[in-house]
Amino acid sequence: MSEEFLKTSGLRFTYRDGKRPALDGVDLSLSKGQSLILMGRSEAGKSSLCFSLRGIIPECYPGEYSGDVLIGGTSIAGRKVREMAREIGIVFQDFESQLFCTTVELEVAFTPQNLGLPRDEIRERITRCLNLVGLAGFEKRDPLTLSGGEKQRLAIAAVLAGEPKLLILDEVTSDLDPVGKSEVLNAIGRLYGDERTIVAATHAYEEASQADCVVILDEGKVVARGSVADILSKPLLMERHGIRPREINILAEKLGARPLAPDGNPAELFAAIKPRFNATRFSEILDSERQRERSCGQPVIEVENLSFLPEPGKEILSHVGLFIREGEVVAIVGKNGAGKTTLIKHFNGLLLPTSGEVNVRGVSTKRSSPYELCKTIGFVFQNPDHQIFSETVRKEISFGPRNFGVPELEIEQRVSEALAAVRLEGFEDEDPLMLPKGGRQKVAVASILAMRPNVLVLDEPATGLDYDETASLMELLAALNRKGHTVVLVTHTMWVVARYAHRVIVMNEGKIIADTTPRALFTNQDLLDSAGLTAPEIATLTGRFLGGTLLSAAELENCLEAR
Amino acid sequence: MREPSLYINKETLISRMDPRAKLIATAALFVVAMSFNHPLYLLGLLVFEASLVFVSRCAVNVNRVRVLLGLLFFFSTLMWTLFLREGEVLLRVGPLTLHSVSSLYGIAMGLRLVSMVVAGLIFLSATMVEEFLFALRKFGLPMPVAFAFSLAFRMVSQLVKTAATVKQAQQIRGLDVDSGGIVQRIRKHVPLLIPVFIYSIKSVDALTRALEARGFGCTRKQTPFIISSLSARDYAVILVSAAVAVAAIVLRVKGFGEVISRF
């Protein structure tokens with residue numbers, strides 16, 4: 001083992017107004033050139049730890065701090081954040097707020113400029129760092145015109161330009177679409193194995209495979225540490241701490257087989273389990289799907305030949321046609337910029353077609369208004385912070401019904417109903433802004449439910465939520481669907497599509513390129529490629545090794561019999 | 001997502017100028033616009049600016065704000081025409097009267113606002129924020145002040161975008177800000193202002209963190225990456241601009257280019 005490079009001892013931090021410590025005695029140690037992945041649910045302490053390693057905690061955040069961080073044997077206590085740009089670099093989750101220059105090269109030049117390096121040296125670093133993240137040739141572009149993946153790669157290049165010995169990546173892929181994610185992961189892949197020591201926080205096990213070791217945090221404490229192979233082959237441990245495990249390993253663990261290592265061959269796992277595929281049960285699943293399909297009601301939203309051009313020559317939607325029937329759960333998927341959000345904003349009249357028609361219960365949205373339509377179509381925006389303004393959860397949820405003149409007594413009843421639906425009973429008098437992101441997202445959903453719309457339209461509801469929070473929100477939507485609500489959601493999260501959607505609409509460049517079932521989508525590689533999507537691993541593996549595509553660990557358990 | 005800035009990345013006679021010369025020339029256009037209140041003089045200024053728009057190839061930006069320009073011109077002309085009572089009465093419709101001098105002055109004020117916005121647009125279209133920053137620093141503004149100034153430019157478009165999303169999010173919960181009396185309307189803006197305010201604080205917080213983490217202010221000697229020196233042409237532009245500004249003031253003092261003696 002080479003020399004110890006990074007060490008934390010007894011790191012503790014409680015944010016001012018925090019109810020519990022965000023970090024609660026964290027001891028870590030990492031050798032030079034090693035890479036560490038931090039995993040854990042939202043609010044487990046991943047970002048707080050990243051900020052502490054960079055000195056941002058305690059300098060920029062008031063609170064109670066104790067313990068120490070040593071880099072190369074020297075404590076960083078008392079050093080200014082800005083002074084450490086040469087030794088430690090950090091890339092944040094939100095790629096918008098960390099870019100502030102007019103061109104790509106100026107963005108990369110910013111750190112070395114601040115360090116007072118000579119101009120020739122800055123030029124060299126720009127070329128080297130842009131090459132490293134695959135952005136050579138982008139020098140004169142305006143960062144604001146880049147895609148999400150490109151922006152985040154630029155943010156990484158901009159930090160690398162300080163040539164830090166320790167690079168911290170705080171959930172840098174969380175806000176990206178699948179294409180952007182894989183671009184960024186490829187770029188990060190090229191950074192491993194160098195002299196550089198890397199600490200990266202993430203929700204997704206797929207992002208851990210190249211690292212040396214993994215630490216799981218929960219409630220500010222280190223609850224597990226080990227090699228990547230070691231941790232990733234403990235699916236129950238991962239699930240317990242709010243991390244989505246490899247579904248195939250859940251099965252392996254249940255059947256007593258050795259779980260699959262990150263670089264393991266799935267064929268060996270299937271050979272070890274020697275599964276017997278119960279074709280009867282599989283066809284029962286397919287039958288029940290067909291039955292569900294037949295039992296759907298009349299179309300509630302009908303879109304005919306919809307084109308949308310916000311200005312001449314700029315077509316965002318092109319001849320889109322679709323229908324949403326009562327009682328369906330429909331997912332709309334596709335790359336960023338494919339037109340998904342623009343499409344669903346037509347469902348409640350926030351946008352009106354340039355040509356074509358959108359009918360809600362047979363009435364054209366052109367002859368209605370968002371004010372009228374929101375009684376039928378409840379729309380949940382991607383970011384709950386765009387709507388929350390009240391000092392209590394109760395007031396926030398009663399805002400909608402009150403605007404429509406619902407009597408006070410009924411408002412009370414609706415608030416209780418909505419809170420029960422999102423399982424936030426008892427939170428009536430809490431400040432909604434102090435809740436974690438998952439809680440705020442639920443308040444946003446509840447505030448729409450209180451208006452009792454029949455259809456719920458959600459724009460990327462899983463953004464910024466961890467596995468537990470996403471699963472809990474989706475279970476909630478599934479329950480509402482069973483009670484008769486129609487659900488339409490735009491999402492990038494394929495396991496959500498696999499487990500919960502009845503039907504999936506695939507968009508690309510403003511057009512619908514497929515309207516199909518999740519099972520059919522995940523077996524059509526050409527379609528997946530053209531829409532920039534990746535099937536969940538379980539669907540790919542079962543399709544390959546069992547001859548029937550299964551969408552979840554539950555289905556797999558149902559259809560497999562171990563010998 | 002933020003909107004791309006107004007800066008147009010094209011090589012033109014104007015974009016190649018030193019940012020200091022551009023800033024002084026823009027200031028001179030402002031002085032000329034403020035000096036006169038005769039519509040013909042201001043029309044002349046606007047025609048000159050139109051030629052600059054052509055040279056700097058920024059018609060696309062002028063086009064982006066054409067509605068704003070139209071509204072500015074229309075309302076400013078209308079207000080001055082209706083509320084200033086100077087000159088002969090030309091027309092009387094009910095309680096409203098149209099005076100000869102007031103209507104000329106009204107048109108001039110409309111043209112003044114438009115010509116000032118266009119001058120600003122030409123400057124922003126041809127100047128990177130970093131060049132602007134360079135010019136401000138050369139004029140002696142301390143780095144943090146100059147930088148805050150240039151950041152403000154970038155934040156505005158983000159703020160407008162956030163406000164638009166918040167308005168939609170509240171609209172679909174039944175908020176109708178366009179009805180009711182004045183007090184009611186102001187109260188109805190609370191659900192719009194709070195999320196925008198909180199969102200702005202969060203983004204400023206994130207921005208500060210990112211700036212600190214990238215070493216902003218860690219040395220006093222930040223290496224300038226964009227450097228520009230004043231060429232003979234730039235000196236000429238500065239001299240001509242200064243001369244034009246002084247001439248405009250002198251002409252006005254001598255009574256040229258005015259319909260009334262107020263500014």
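Mind listing whichever residues of segment A:45-72 are assigned to a helix (DSSP H, G or I), over 17 Å from B:Ala210 (Cβ atoms) and over 26 Å from the mean Cα position of the chain (by Cα)?
Once the filter is applied, which keeps residues that are assigned to a helix (DSSP H, G or I), over 17 Å from B:Ala210 (Cβ atoms) and over 26 Å from the mean Cα position of the chain (by Cα), segment A:45-72 yields only A:Pro58.
How many residues, within segment A:145-189, are of a type outside the set (A, V, I, L, M, F, W, C), within 12 Å of chain B (Cβ to nearest Cβ), without any contact (Cβ under 8 Å) to a residue 60 or more places away in the chain and under 19 Å from A:Gly89 (Cα atoms)?
Matching residues across segment A:145-189 total 1.
Output the number of the condition that A:Gly378 fails; it satisfies all remaining conditions of (1) over 16 Å from B:Pro191 (Cβ atoms); (2) more than 10 Å from chain B (Cβ to nearest Cβ); (3) touching a helix residue (DSSP H, G or I) at 6+ places or on another chain (Cβ under 8 Å).
The one condition A:Gly378 does not meet is (2).
Modelled with pLDDT of 90 or more and assigned to a helix (DSSP H, G or I): does that describe A:Ser390?
Details: modelled with pLDDT of 90 or more: yes; assigned to a helix (DSSP H, G or I): no.
Spelling it out, it is not the case that A:Ser390 is modelled with pLDDT of 90 or more and assigned to a helix (DSSP H, G or I).
Residues being under 16 Å from B:Leu151 (Cα atoms) and within 7 Å of another protein chain (Cβ to nearest Cβ): count how many of those fall in segment A:97-117.
Looking only at that region, the number is 7.
Of everything in segment A:363-392 that's in contact with an Asp or Glu (Cβ under 7 Å, 6 or more places away or on another chain) and free of Cβ contacts under 8 Å to residues at least 40 places away in the same chain, which residue is surrounded by the most Cβ atoms within 10 Å (Cβ to Cβ)?
In this case the residue turns out to be A:Tyr371.
With the requirement that a residue be of a type in the set (Asp, Glu) and within 14 Å of another protein chain (Cβ to nearest Cβ), what does segment A:441-477 give you?
A:Asp459, A:Glu460, listed by residue number.
Having 3 or more residues that are touching a helix residue (DSSP H, G or I) at 6+ places or on another chain (Cβ under 9 Å) and crowded, with 17+ Cβ neighbours inside 10 Å is the bar; report the helices (runs of 4 or more DSSP H) wholly within segment A:519-563 that clear it.
Of the helices (runs of 4 or more DSSP H) lying wholly inside segment A:519-563, those with at least 3 residues that are touching a helix residue (DSSP H, G or I) at 6+ places or on another chain (Cβ under 9 Å) and crowded, with 17+ Cβ neighbours inside 10 Å span A:537-545, A:553-559.
A quick yes/no check of all residues on (1) within 7 Å of chain A (Cβ to nearest Cβ); (2) under 24 Å from the mean Cα position of the chain (by Cα); (3) more than 28 Å from A:Glu121 (Cβ to Cβ):
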{"site": "B:Ser157", "(1), (2), (3)": "no, yes, yes"}
{"site": "B:Lys161", "(1), (2), (3)": "no, yes, yes"}
{"site": "B:Lys167", "(1), (2), (3)": "no, no, yes"}
{"site": "B:Gln171", "(1), (2), (3)": "yes, no, yes"}
{"site": "B:Gly174", "(1), (2), (3)": "yes, no, yes"}
{"site": "B:Ser179", "(1), (2), (3)": "no, no, yes"}
{"site": "B:Arg187", "(1), (2), (3)": "no, no, yes"}
{"site": "B:Tyr199", "(1), (2), (3)": "yes, no, yes"}
{"site": "B:Gly215", "(1), (2), (3)": "yes, no, no"}
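Give me a count of the residues in segment A:252-305 that are of a type in the set (Val, Ile, Thr), modelled with pLDDT of 90 or more and surrounded by 14 or more Cβ atoms within 10 Å (Cβ to Cβ).
Matching residues across segment A:252-305 total 4.
With more than 22 Å from B:Phe149 (Cα to Cα) and either touching a Pro at 6+ places or on another chain (Cβ under 8 Å) or within 13 Å of another protein chain (Cβ to nearest Cβ) (or both) as the only criterion, which of A:Asp142, A:Asp94 stands out? Even if it seems obvious, please write down each step before you answer.
Values: A:Asp142 fails: more than 22 Å from B:Phe149 (Cα to Cα).
It is A:Asp94.
Check B:Ser150, B:Ser261, B:Ser228, B:Ser241 and return the single one that is surrounded by 15 or more Cβ atoms within 10 Å (Cβ to Cβ), more than 7 Å from chain A (Cβ to nearest Cβ), free of Cβ contacts under 8 Å to residues at least 24 places away in the same chain and under 29 Å from B:Thr26 (Cβ atoms).
When all the criteria are applied, what remains is B:Ser150.
Of all residues in segment A:306-320, count the ones that are surrounded by 14 or more Cβ atoms within 10 Å (Cβ to Cβ) and either of a type in the set (Val, Ile, Thr) or assigned to a strand (DSSP E or B) (or both).
Step one: of segment A:306-320, the residues surrounded by 14 or more Cβ atoms within 10 Å (Cβ to Cβ) are A:306-309, A:315-320.
Still in the list and also either of a type in the set (Val, Ile, Thr) or assigned to a strand (DSSP E or B) (or both): A:306-308, A:316-320.
So the count comes out to 8.
Does at least one position in segment A:179-201 carry a residue that is surrounded by 23 or more Cβ atoms within 10 Å (Cβ to Cβ) and in a loop (DSSP other than H, G, I, E, B)?
No.
Search segment A:368-387 for residues being assigned to a helix (DSSP H, G or I) and closer than 19 Å to A:Pro453 by Cβ, and hand back the single one that is farthest from the chain's Cα centre (by Cα).
A:Glu372
The values are calculated or read from the model by the stated rules, or taken from the named source; none is laboratory data. Predicted, not measured: the structure shown is a model, and the values here were computed from it. Every residue, glycine among them, receives a Cβ derived from its backbone with ideal geometry; neighbour counts consider all protein chains shown.
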